[in-house]
Structures are given as structure tokens and as C-alpha cells.
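Colleague: If you scroll down you'll find the structure; I have some questions about it.
The values are calculated or read from the model by the stated rules, or taken from the named source; none is laboratory data. It should be emphasised that the depicted structure is a prediction, and the values quoted were computed from it without experimental measurement. Neighbour counts are summed over all protein chains in view; Cβ atoms, including those assigned to glycine, are modelled from backbone coordinates with ideal geometry.
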Amino acid sequence: MKYKLIIDKEAQEEIVAVVHAPSALTQQIENLIRSYSGADFLMGHRNDEMRRLTFDEIECITVLDRKVMVIDTKGRHYRIQERLRDLESILPSYFIRINKSALANEHRILRFNAVFSGSVDAEFQCGYREYVSRRCFAEIRRRYEGI
């Protein structure tokens, strides 16, 4: 298989894939292309401030008091307008679901901590902690064992 990427700011964007037959990989590529909106950030609101939050500086997206909140690398909380289920289709693959109301930036998770009650928490580099459900933790383990 050959791969070629040409970056030319003057050219019109075009994606061409030549394959022998459709496969799971071609379906994933097609889904990625169709879902890509061109944006790599979310707009967050905090007090009177409105800020552009790039995906790399987002540690966790969670629901607090029925509001979707983003926690950035400094531990600050920003409210966003998007719904959690809609974000799953736009966010890069390194955002993983850790419970039914939270998505985590896998690159920013410092460690998983076992709690006395038998549950697991994800600890982020900024110090924020979020509960990890058993079902999601099992999926995360399978993901890491496959590496």
C-alpha cells in the first residue's frame, strides 16, 4: 500500500483513495472524511470570557450540573454549547469515553487510581479526577492490551 500526502496552501483540498475493494479501513476513512468539519477547537465560556479551546489543551469534557463543561490543561472549567453525544463524532480518536457523562483526552490522563470502594478514577495532568465506569474501563483495558 502506498500513501502520499501533499500540502499545498494554494490548491483546492481533495481526497482520493484508490483501492482494490471496499474494506473496514475504507469505511473508516470515509466516515472520518464525512465527519470532519475542519475545526480543531471548541468555543468555551467562563464568566465574561469566551475562549477558543484547541483539542490538545482539553483534558476532559464532562457534564456538571446538567451543563457540558470542558476542563483545560490548567484545570479551568469552561461551558460549551455542544452536546456530549454530538462531540463524539467530531473529536479525534484520542478522546475516549470514561463514563456515560464524560469524555477524556487519552494523552492527558496521568494515571488510573483504584479507590477503596472498588471503582477507578482517571487522574489528569491538571489534577482533575473523574470516575471511570466499569464498562468503559474494560474497553480501555482492551484498547491498551491490543497495542
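Colleague: Identify the residue in region 35-59 that is more than 17 Å from the chain's Cα centre (by Cα) and loosely packed, with under 10 Cβ neighbours inside 10 Å and, among all such residues, is farthest from I71 (Cα to Cα).
Modeller: Within region 35-59, the subset more than 17 Å from the chain's Cα centre (by Cα) is 45-51.
The next check asks that each one be loosely packed, with under 10 Cβ neighbours inside 10 Å; those that pass are 47-49.
Numbers: N47: 14, D48: 17, E49: 15 Å.
Once the filter is applied, the top-ranked residue is D48.
Colleague: Answer with yes or no whether I80 is within 30 Å of E13 (Cα to Cα) and either touching a His at 6+ places or on another chain (Cβ under 8 Å) or surrounded by 15 or more Cβ atoms within 10 Å (Cβ to Cβ) (or both). Let's see the steps before the verdict.
Modeller: On the way: within 30 Å of E13 (Cα to Cα): yes; either touching a His at 6+ places or on another chain (Cβ under 8 Å) or surrounded by 15 or more Cβ atoms within 10 Å (Cβ to Cβ) (or both): yes.
Criteria met by I80.
Colleague: Name the residue that is nearest to F124 (Cα to Cα), counting only residues in region 25-78 that are aliphatic (A, V, I, L, M) and outside any strand (DSSP E or B).
Modeller: Looking only at region 25-78, we keep the residues that are aliphatic (A, V, I, L, M), and these are 25, 29, 32-33, 39, 42-43, 50, 53, 58, 61, 63-64, 68-71.
Okay, now just the ones that are also outside any strand (DSSP E or B), so 25, 29, 32-33, 39.
Working: L25: 32, I29: 30, L32: 27, I33: 30, A39: 24 Å.
The residue in question is A39.
Colleague: What pairs come out if I take residues in region 18-34 that are closer than 24 Å to I90 by Cα and pair them with residues that are aliphatic (A, V, I, L, M) whose C-beta lies under 8 Å away, six or more apart or interchain?
Modeller: That search, which allows pairs on different chains as well, returns T26/A17; T26/V19; I29/A17; I33/I15.
Colleague: Separate question: I need the full set of residues from region 91-145 which are β-branched (V, I, T), surrounded by fewer than 16 Cβ atoms within 10 Å (Cβ to Cβ) and within 14 Å of the chain's Cα centre (by Cα), in order please.
Modeller: Taking region 91-145 and keeping what is β-branched (V, I, T), we get 96, 98, 109, 115, 120, 132, 140.
Right, trim to surrounded by fewer than 16 Cβ atoms within 10 Å (Cβ to Cβ) and you get 115.
Correct list: empty.
Table: residues versus (1) touching a Pro at 6+ places or on another chain (Cβ under 7 Å); (2) over 30 Å from E13 (Cα atoms); (3) in a strand (DSSP E or B).
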{"position": "S93", "(1), (2), (3)": "no, no, no"}
{"position": "R97", "(1), (2), (3)": "no, yes, yes"}
{"position": "G127", "(1), (2), (3)": "no, yes, no"}
{"position": "A138", "(1), (2), (3)": "no, yes, no"}
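Colleague: Let me ask something additional. Taking L103 as the residue in question, decide whether it is under 24 Å from I140 (Cβ atoms), among the hydrophobic types (A, V, I, L, M, F, W, C) and outside any strand (DSSP E or B).
Modeller: Working: under 24 Å from I140 (Cβ atoms): yes; among the hydrophobic types (A, V, I, L, M, F, W, C): yes; outside any strand (DSSP E or B): no.
Judged against the criteria, L103 is not a match.
Colleague: So which pairs qualify, if the first residue must be in region 75-103 and acidic (D, E), the second must be part of a strand (DSSP E or B), the Cβ gap must be under 7 Å, and the two must be at least 6 apart or on different chains?
Modeller: Cβ pairs passing all conditions: E82/L42; E82/V68; E88/L103.
Colleague: Does E13 satisfy being more than 12 Å from I80 (Cβ to Cβ), at pLDDT 85 or above and of a type outside the set (S, T, Y)? Full working, then the answer.
Modeller: Details: more than 12 Å from I80 (Cβ to Cβ): yes; at pLDDT 85 or above: no; of a type outside the set (S, T, Y): yes.
Taking the combined requirement at face value, the residue does not satisfy it.
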